[in-house]
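Heads up, the thing below is written out as structure tokens.
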Amino acid sequence: MALQWNGLLSRKLSSSSSISSLPSWISTHIHGSATVTRTIWTVSPLSMGRRSSKIAGRKGAQDAKKAKLYARIGKEVVSAVKKGGPSPVSNTALATVLEKAKELDVPKEILERNIKRASEKGQEAYIEKVYEVYGFGGASMVIEVLTDKINRSVAAVREVVKDCGGKMADPGSVLFKFRRARVVNVKVSDADKDQLLSIALDAGAEDVIEPPVYEYDTEEDMSESYYKIVSSAENYSTILSKLRDEGVIFETDNGSELLPISTIEVDDEALDLNKELMSKLLELDDVDAVYTDQK
């Protein structure tokens, strides 16, 4: 796959740098001289003839992502209340979750509903689990689960993976291929590229990644795609604040995202099979996110 590099950084901290060719949704690695403090670059790959790889119904996908976020925060609220009570004053774990929910713009009624839910008879605390899967064409997947019934969640995940023709992987055999980061998603139509890069640089972002460009993209397709601002946890709130100050509409992650360190290019058949497997996994209530190293 040919990669088309664009020099999109509005300001450079050094005139010399070298960048490794990585796919668009992978954090680019900077190899500057000793005098370089930080440089942010973006990459926009041109994918020829891969229109079928685009996720249909982007708005539906974003709505589903938001629903998963709200569900995950709700589960975290329940777990925190079960462990330390409903008062954030005395329950530091709950206070932390509520602060996180505020940062991620989770509606207040969702928080209140789950605080009440935690006191219901029979409601158990939620436990985090990670399942690893081998997909098709050499691609791997990581499934994040937050569940109050471990046996239920693992059985559901195994059933979907088996039905779709994938294979469960041993713990640790896939996870090492990913790194965790905070990510802010900004729709292309909601931001000026140069303005976004300037905001990200000032706020200490690690990378700003352009969406992939497909051969048959229309203007509407492009306007519905997203920039990814990659950040450390320490700078995340600062980036959100600066975006709000500038009136830029954005979508947060669910607390973090897993970004693949390198990616696997697969053929169209494997791509469609992996897409179906991920879609089926995300339909499970216990599953909060599915990540892949597929290009």
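The values are calculated or read from the model by the stated rules, or taken from the named source; none is laboratory data. This one's a predicted model, so the numbers in the text were calculated from it and none came from an experiment. Reconstructed Cβ throughout: ideal geometry from the backbone, glycine too, with neighbour counts over all protein chains shown.
Residues that are closer than 19 Å to Ala233 by Cβ and small (Gly, Ala, Ser) were ranked within segment 84-114; the one that is surrounded by the most Cβ atoms within 10 Å (Cβ to Cβ) is Ala101.
Arg158 meets the conditions (1) of a type in the set (D, E, K, R); (2) touching a Lys or Arg at 6+ places or on another chain (Cβ under 8 Å); (3) free of Cβ contacts under 8 Å to residues at least 40 places away in the same chain in every case but one. The failed one is (2).
Conditions first: (1) of a type in the set (Asp, Glu); (2) touching a residue at least 40 places away in the same chain (Cβ under 8 Å); (3) farther than 14 Å from Cys164 by Cβ. Asp245 passes all but one, so which condition is the exception? With respect to (1) of a type in the set (Asp, Glu); (2) touching a residue at least 40 places away in the same chain (Cβ under 8 Å); (3) farther than 14 Å from Cys164 by Cβ, Asp245 is out only on (2). Summed over segment 194-223, residues that are of a type outside the set (Gly, Ala, Ser) and either within 13 Å of Ile249 (Cα to Cα) or at pLDDT 85 or above (or both) total 10. When Tyr236 is tested against (1) surrounded by fewer than 18 Cβ atoms within 10 Å (Cβ to Cβ); (2) hydroxyl-bearing (Ser, Thr, Tyr); (3) under 18 Å from Gln195 (Cα atoms), exactly one condition is not met: (1). Annotation for segment 263-272: at least one member residue is surrounded by fewer than 20 Cβ atoms within 10 Å (Cβ to Cβ), over 17 Å from Tyr134 (Cβ atoms) and in the same structural domain as Met141 (by TED's automatic domain parsing). Residues in segment 127-186 that are in a loop (DSSP other than H, G, I, E, B), touching a strand residue (DSSP E or B) at 6+ places or on another chain (Cβ under 8 Å) and crowded, with 16+ Cβ neighbours inside 10 Å: Gly135, Gly137, Ala139, Asp148, Gly166, Val174.
Each residue in segment 256-291 was checked for being more than 17 Å from Leu175 (Cβ to Cβ) and either aliphatic (A, V, I, L, M) or out of contact with any strand residue (DSSP E or B) (no Cβ under 7 Å at 6 or more places or on another chain) (or both), and 18 of them qualify. Only one of the numbered conditions (1) touching a strand residue (DSSP E or B) at 6+ places or on another chain (Cβ under 6 Å); (2) assigned to a helix (DSSP H, G or I); (3) at pLDDT 90 or above is violated by Arg72, and that is (3).
Each residue in segment 250-285 was checked for being in a loop (DSSP other than H, G, I, E, B) and within 17 Å of the chain's Cα centre (by Cα), and 10 of them qualify. Among the residues examined, Lys193 qualifies as assigned by TED's automatic domain parsing to the domain that holds Val230 and not small (Gly, Ala, Ser).
In segment 247-265, how many residues are over 20 Å from Ala181 (Cβ atoms) and either at pLDDT 90 or above or of a type in the set (Phe, Trp, Tyr) (or both)?
1
Of the residues making up segment 239-249, those that are of a type in the set (A, V, I, L, M, F, W, C) and surrounded by 14 or more Cβ atoms within 10 Å (Cβ to Cβ) are Ile239, Leu240, Leu243, Val248. For segment 230-249, residues that are outside any helix (DSSP H, G or I) and touching a strand residue (DSSP E or B) at 6+ places or on another chain (Cβ under 8 Å) total 5.
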